[in-house]
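Trainee: The structure follows.
The values are calculated or read from the model by the stated rules, or taken from the named source; none is laboratory data. Small disclaimer: the values here were computed from a predicted structure and weren't measured. In this analysis, Cβ positions are derived from the backbone assuming ideal geometry, glycine residues included, and neighbour counts consider all displayed protein chains.
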Amino acid sequence: MRVLVIDPDHARAALVAAGLQGVEPAEVRHTTLYDEAEVLAFAPDVVVIAAESPDRDTLESLREATEGAPRPVVMFVDRSEPGLAEQAVRAGVAAYVVDGLAPGRVRSILDVAMSRFALTQQLRGDLAKAKADLESRKVVDRAKGLLMKERGLDEDGAYRLLRKLAMDRGKPIGVVAADLLAFAGVLRGDAS
Amino acid sequence: MSGLSELRLGFIPLTDCAPLAVAATLGFFEDEGLAVELVREASWATIRDKVAVGALDGAHMLAPMALAAGGAILAPLALNRNGAAITVSTALAGTIGPKGEGLAEVVAARRASGRGTLTFAVVFPESMHNYLLRDWLAAAGIDPDRDVRLVVIPPPRMVERMRAGEVDGFCVGAPWNAVAEAEGLGRILITASQLLPGGPDKVLGVPATLAEQRPDDLRACLRAVIRGAAWADDPINREDLIAILARPDVVGAAPAAIARALANEIVFHRDGASLPRREDGLWMASRMVRWGQLRAGVDLDALVDRVYRSDLYRDAAEISGHLLA
């Protein structure tokens, strides 16, 4: 079975393709853009495409294949599993299959694609959080330095004061530290 | 948010998303008690799927697309009339008239010399653009399925594909015809208002479940969009409308190109343009049958009545005091 993954998000396409390799003997390719010559040459049984790809409408038109158009594909709508199409739409994945492919095989492909889409989102979320955490740690360090200088505290004392301020105000320590630095900047005349 | 009902509405970067963009930008949704998130989507297929499953509560949609969904999607409001046009490459423009005069000769000459068929693009199989272009080709003596190659390209990509020499002509909505002309790539041969005066184009498509489960929110949404359409039609607001549409997160095209179809082509609200008229639905259904998208024998009247819900429009419009033409 040949599966083509089209996704403008290259990293996610690669992740989906790698996941599909493990499903069953399948030849999997991934690409960021629909290319007619490539599709004709590869002749996929299934096309898995990201909902955010503008090429979806072009694929959609192949259902009405006429002379000279690539092999016909139909969107997977299995009436026996009405929830599946909705799940896929919400996950951001669409699939087009050559007419006649067994629904069970499509299901396993879609399942992998959906879980890899979710995994990508989680990884990106983790990365964003890690960056924010790192940023927050830098801000806390600078606020500690400010308190040590202005209040003559040692590092531990400065951290304890920040933590107390955070608890008193019910805000994360990074936010309190950023506020403190901003106020210090105003008092120094940075914003005037 | 305090007590506002939340709605997610999708759109495609085209001038006729104006009633939605205006209502969102000027706070018309909030005035009706709604917190609306406008989501730009990359394809019509994704718009259709998201509305059909309720992942979007409504969207800027090709009118025939709502009919093709068979009842899962309702069209309680028309977003605009006219706005599309047929544009051909500058190379072709010199030899073809506005009604396709001379095109059959070009097709025959290319066939005789083995230079391959001409390629025309539309935005989606179920679209006014497809039907208008097919009718135009047929009237010029061209079989759209045999004599030329018809492909589908999303609206914001039409111009780049013409620049790459991959398409010889297309039928697309504003502002992309004017953009092609401004860039010296193509020439507008004929507009939708000349092909089918006052013809339908986009609708607000909503999930049938929204009308059942949240009728008050739907009514509020329609009122805000009707207000947006009326504002967009008023010449006094023209410059502000162009500024709203030109923003990169809305249409993202040059203001001069956007201005062109607004001047004398596209209609959002006046003369009852917002009303989803039964005859519009029937015209499109007849084309869907003609071009093989609907089986002959389908009850077209019943289909149109199920999808084209002028009753929902009237219900909302009369409460808000807007006059129906």
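Trainee: Return the residue satisfying two criteria in turn: it lies in the range A:42-53 and is of a type outside the set (Gly, Ala, Ser) and either touching a His at 6+ places or on another chain (Cβ under 7 Å) or in a loop (DSSP other than H, G, I, E, B) (or both), and of such residues it is surrounded by the fewest Cβ atoms within 10 Å (Cβ to Cβ). Spell out the reasoning first.
Mentor: In the first step, residues of the range A:42-53 are kept if they are of a type outside the set (Gly, Ala, Ser); the result is A:42, A:44-49, A:52.
Checking which are either touching a His at 6+ places or on another chain (Cβ under 7 Å) or in a loop (DSSP other than H, G, I, E, B) (or both) leaves us with A:44-45, A:52.
Working: A:Pro44: 23, A:Asp45: 19, A:Glu52: 14.
Ranking the candidates gives A:Glu52 first.
Trainee: What number of residues within the range A:8-41 are assigned to a helix (DSSP H, G or I) and away from chain B (no Cβ under 14 Å)? Break it down into steps so the answer makes sense when it comes.
Mentor: Here is the first cut: in the range A:8-41, the ones assigned to a helix (DSSP H, G or I) are A:10-21, A:36-41.
Checking which are away from chain B (no Cβ under 14 Å) leaves us with A:10-21, A:38, A:41.
Residues meeting the conditions: 14.
Trainee: I need the full set of residues from the range B:268-299 which are buried (at least 23 other Cβ atoms within 10 Å of the Cβ) and not in a loop (DSSP other than H, G, I, E, B), in order please.
Mentor: Step one: filter the range B:268-299 for residues buried (at least 23 other Cβ atoms within 10 Å of the Cβ), giving B:268-269, B:274, B:276, B:280-281, B:284-285.
Once the filter is applied, which keeps residues that are buried (at least 23 other Cβ atoms within 10 Å of the Cβ) and not in a loop (DSSP other than H, G, I, E, B), the range B:268-299 yields B:Asp280, B:Gly281, B:Met284, B:Ala285.
Trainee: Working carefully through the options B:Ala302, B:Ala230, find the one that is in a helix (DSSP H, G or I) and either in contact (Cβ under 8 Å) with a residue 40 or more places away in the chain or in contact with a Leu (Cβ under 7 Å, 6 or more places away or on another chain) (or both). So that I can check it myself, show each step before the final result.
Mentor: Values: B:Ala302 fails: either in contact (Cβ under 8 Å) with a residue 40 or more places away in the chain or in contact with a Leu (Cβ under 7 Å, 6 or more places away or on another chain) (or both).
Only one candidate passes the filter, namely B:Ala230.
Trainee: If B:Leu74 satisfies all but one of (1) more than 14 Å from chain A (Cβ to nearest Cβ); (2) within 11 Å of the chain's Cα centre (by Cα), what's the number of the condition it fails?
Mentor: (2)
Trainee: Now for a different question. What's the number of the only condition in (1) more than 13 Å from every other protein chain (Cβ to nearest Cβ); (2) over 30 Å from B:Glu181 (Cβ atoms); (3) in contact (Cβ under 8 Å) with a residue 60 or more places away in the chain that B:Val53 fails to meet?
Mentor: The single condition B:Val53 does not satisfy is (1).
Trainee: Next question. Evaluate the following for B:Trp176: is it surrounded by fewer than 23 Cβ atoms within 10 Å (Cβ to Cβ) and either out of contact with any Gly (no Cβ under 8 Å at 6 or more places or on another chain) or among the basic types (Lys, Arg) (or both)? Full working, then the answer.
Mentor: Working: surrounded by fewer than 23 Cβ atoms within 10 Å (Cβ to Cβ): no; either out of contact with any Gly (no Cβ under 8 Å at 6 or more places or on another chain) or among the basic types (Lys, Arg) (or both): yes.
It is false that B:Trp176 is surrounded by fewer than 23 Cβ atoms within 10 Å (Cβ to Cβ) and either out of contact with any Gly (no Cβ under 8 Å at 6 or more places or on another chain) or among the basic types (Lys, Arg) (or both).
Trainee: Do you know which residues across the range A:102-145 are surrounded by 16 or more Cβ atoms within 10 Å (Cβ to Cβ), farther than 14 Å from A:Val16 by Cβ and of a type in the set (A, V, I, L, M, F, W, C)?
Mentor: A:Val106, A:Val139, A:Val140, A:Ala143
Trainee: Given the conditions (1) in contact with a strand residue (DSSP E or B) (Cβ under 7 Å, 6 or more places away or on another chain); (2) outside any strand (DSSP E or B), which single one is not true for B:Glu30?
Mentor: (1)
Trainee: Return the residue satisfying two criteria in turn: it lies in the range A:42-61 and is of a type outside the set (D, E, K, R) and either within 12 Å of another protein chain (Cβ to nearest Cβ) or over 15 Å from A:Val98 (Cβ atoms) (or both), and of such residues it is farthest from the chain's Cα centre (by Cα). Steps first, answer last, please.
Mentor: Looking only at the range A:42-61, we keep the residues that are of a type outside the set (D, E, K, R), and these are A:42-44, A:46-51, A:53-54, A:58-59, A:61.
Narrowing further to those that are either within 12 Å of another protein chain (Cβ to nearest Cβ) or over 15 Å from A:Val98 (Cβ atoms) (or both): A:49-51, A:53-54, A:58-59, A:61.
Values: A:Ile49: 14, A:Ala50: 11, A:Ala51: 12, A:Ser53: 14, A:Pro54: 17, A:Thr58: 24, A:Leu59: 23, A:Ser61: 27 Å.
Filtering the range A:42-61 for residues that are of a type outside the set (D, E, K, R) and either within 12 Å of another protein chain (Cβ to nearest Cβ) or over 15 Å from A:Val98 (Cβ atoms) (or both), the one farthest from the chain's Cα centre (by Cα) comes out as A:Ser61.
Trainee: Also: Could you check B:Ser310 against (1) more than 17 Å from B:His269 (Cα to Cα); (2) at pLDDT 95 or above and say which number it fails?
Mentor: The failed condition is (1).
Trainee: Now, a different point. Looking at A:Leu84, A:Leu101, can you tell me which residue is part of a loop (DSSP other than H, G, I, E, B) and either in contact with a helix residue (DSSP H, G or I) (Cβ under 8 Å, 6 or more places away or on another chain) or in contact (Cβ under 8 Å) with a residue 12 or more places away in the chain (or both)?
Mentor: On the way: A:Leu84 fails: part of a loop (DSSP other than H, G, I, E, B).
Just a single option satisfies the conditions, and that option is A:Leu101.
Trainee: I would also like to ask the following. Can you say whether B:Arg260 is at pLDDT below 95 and either surrounded by fewer than 20 Cβ atoms within 10 Å (Cβ to Cβ) or touching a strand residue (DSSP E or B) at 6+ places or on another chain (Cβ under 8 Å) (or both), as far as the supplied structure shows?
Mentor: On the way: at pLDDT below 95: yes; either surrounded by fewer than 20 Cβ atoms within 10 Å (Cβ to Cβ) or touching a strand residue (DSSP E or B) at 6+ places or on another chain (Cβ under 8 Å) (or both): no.
No; evaluated as a whole, the condition is false for this residue.
Trainee: Select, from B:Asp16, B:Asp31, the only residue that is crowded, with 23+ Cβ neighbours inside 10 Å and of a type in the set (Asp, Glu).
Mentor: Working: B:Asp31 fails: crowded, with 23+ Cβ neighbours inside 10 Å.
Going through B:Asp16, B:Asp31 in turn, the sole match is B:Asp16.
Trainee: Looking at the range B:183-197, can you tell me whether even one residue there is touching a residue at least 40 places away in the same chain (Cβ under 8 Å), within 14 Å of chain A (Cβ to nearest Cβ) and of a type in the set (Ser, Thr, Tyr)?
Mentor: No, the range B:183-197 contains no residue that is touching a residue at least 40 places away in the same chain (Cβ under 8 Å), within 14 Å of chain A (Cβ to nearest Cβ) and of a type in the set (Ser, Thr, Tyr).
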